[in-house]
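Written below as structure tokens is the structure these notes are about.
Bear in mind these aren't lab numbers, they're just calculated from the coordinates by the rules spelled out. All values reported here derive from a predicted model rather than from experimental measurement. Every residue, glycine among them, receives a Cβ derived from its backbone with ideal geometry; neighbour counts consider all protein chains shown.
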Amino acid sequence: MVPVYDGHNEFLRLVPRSQMRRERLPHRATYIAFMDTRGSFLVEVRTMSKDYAPGMLDACVGGVVSAEDHDPLEGARRELMEEIGVDAGAVAFHELGHMRLDLDNWGYSYGYLYLAVGDPVTVRQPSEVSGIMYLTLSEMERLRGCFTGDSYSAFLEIVRRSRERGLM
């Protein structure tokens, strides 16, 4: 089940994930830019079985905040562990607020933004992530059209907010 929200990010009701996707209902999602200590960013290749943007690149680790998550931070920590096998407590993990994100003709979400920095061993979740790679900012810019629009927009905002706060 997924909580859906109104235009002011206020809770409306719980719906099945399939209904949220089918009706393109506003929901919350987490976006974690994962940077190694050399300044490169982890990029995920989405599996072809994903219901949103199969096969594209994700500039951020993350996903839909489910009803089981008590808040977006809990969802972010869960997604980090599920998708790449990293415990948020084992890296520098920074909350950077939220923003409204368009989902490439799929409606919109309220994106909760985070920066994680560290060099842990990652283990991808094969059902959701076909592969991972580390890219520099300039390499990501050259591949901009290969990323899901929401993850790239969130990524740019995370970089902007991180720089403002002296985190990178």
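Brief remarks on what is shown
- For residue 49 and residue 143, a Förster radius of 22 Å and the Cβ-Cβ distance give a FRET efficiency of 0.50, rounded to the nearest 0.05.
- Cα long-axis angle, helix 72-84 against the chain (0 to 90 degrees, to the nearest 10): 60
- Dividing the helix sum by the residues of the chain, where each DSSP H run of 4 or more adds -39500 (n - 2.57), gives a mean residue ellipticity at 222 nm of -7000 deg cm²/dmol.
- Relative contact order (%) - the chain, alpha-carbon pairs under 8 angstrom, separation at least six: 27
- The order of 143, 42, going from fewest to most other C-beta atoms within 10 Å of their C-beta, is 143, 42.
- Equivalent ellipsoid, the range 12-110 (semi-axes from 5 times Cα gyration tensor eigenvalues, Å): 23, 16, 12
- Computed across the chain, the Kirkwood hydrodynamic radius from all distinct Cα-Cα pairs reaches 15.9 Å.
- Relative contact order (percent, whole number), the range 1-86, Cα cutoff 8 Å, 6+ residue spacing: 26
- DSSP beta bridge pairing in the range 2-164, given as percent antiparallel to the nearest 5: 70
- Exposure proxy order (Cβ contacts within 10 Å, fewest to most) of 23, 128: 23, 128
- Angle between the chain longest axis and helix 149-164 axis [Cα atoms, degrees, rounded to 10]: 50
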